[in-house]
Amino acid sequence: MRHLVFVCHGLLGMNATLHKFEAALNQALGDDYKAVLLCHSWGYTETLYGIDHLGRMAADEILSTCAQHDVWSISLIGISLGGLVLRRAATLLYMAKNIPGSSNSIVFEHYTSLGSPHMGVADDAGVFTRFACRWLLGQTGLDLTDPAFLHDAMVTKDDLLAMSAFKTRTAVCNEVSDVRVGYWSSSLGKMGDYTGPSNPVAALDWRIIPTGFNSFFSHSIVSMNSFFSAQWTPLLDKIIQSRDIGK
């Protein structure tokens, strides 16, 4: 094994729904790679504690897993909210790597987000989505509706350097029928009807992969829920064949 692929689930997610995705990744990538589901120790509601909090937990788990296996070449796959969590984790890992005397030897390879709300949740989102973010989903919901957080706190010089360190950056997006994350948000404002402030992270070289899903369950499918494995398997094959996961 020479490469670890870390997977982070989304808001109120559970690793139990990702075991088929984990198995499919390991089978497709071969013996040189190992898919690792993060957050197995997180409580169900811990995803409400904010993106910064979750990013720090993910960074600690990634670092300890790399040290345990003595494997420092990594790729990150963030599912929905997990895409933002792993962006934050990558920044923290990048910063820690540059501390003199650090044992952190991580090499960033590939970053992939699956239906992630990089640009947050807009006021034109569904009534329930807006209400949930502002009143039910804790600090995480506030983060997703706060432009100052999404476009300032998440886009520091270190954030840009960390994301630039990846060989590839890929955003997998639902163009239609995603009632949770709009096309404009999952594509970092590159696609769809987006007129808000630009995000410097979006100025990096990104590969945008539209899913083609057109279903009420589009977000659950792009989130690689085991129940919808028949629908997402061709998408996973496409991502792997394009070399966006693995070397």
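Laid out as a table, the results:
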item	result
All positions within region 147-206 that are part of a loop (DSSP other than H, G, I, E, B), within 24 Å of D52 (Cβ to Cβ) and of a type in the set (S, T, N, Q)	T156, S187, S198, N199
Residue count, region 166-189 (criterion: open to solvent by less than 20 Å² (accessible area, probe 1.4 Å) and touching a Phe, Trp or Tyr at 6+ places or on another chain (Cβ under 9 Å))	8
Residue in region 34-41 that is of a type in the set (G, A, S), open to solvent by less than 20 Å² (accessible area, probe 1.4 Å) and under 20 Å from M224 (Cβ atoms) present	yes
Selection from region 129-149 of residues that are within 17 Å of T47 (Cβ to Cβ) and touching a Pro at 6+ places or on another chain (Cβ under 9 Å)	L144
Top-ranked residue of region 95-120 - restricted to ones that are open to solvent by 50 Å² or more (accessible area, probe 1.4 Å) and not in a loop (DSSP other than H, G, I, E, B), ranked as modelled with the highest pLDDT	V107
Residue list for region 193-209, filter: in contact with a helix residue (DSSP H, G or I) (Cβ under 8 Å, 6 or more places away or on another chain) and open to solvent by less than 50 Å² (accessible area, probe 1.4 Å)	G196, N199, V201, L204, I209
Region 42-60, subset surrounded by fewer than 20 Cβ atoms within 10 Å (Cβ to Cβ) and in contact with a Leu (Cβ under 7 Å, 6 or more places away or on another chain), residue modelled with the lowest pLDDT	Y44
Residues of region 65-83 classified as open to solvent by 10 Å² or more (accessible area, probe 1.4 Å), outside any loop (DSSP other than H, G, I, E, B) and under 20 Å from T47 (Cβ atoms), total	1
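The values are calculated or read from the model by the stated rules, or taken from the named source; none is laboratory data. In this text the structure is predicted, and so the values were computed from the model without any measurement. Here Cβ is always computed from backbone atoms with ideal geometry, including for glycine, and neighbour counts include all displayed protein chains. For accessibility, only protein heavy atoms count, side chains too; no ligands or nucleic acids. Shrake-Rupley method; radii C 1.70, N 1.55, O 1.52, S 1.80 Å.
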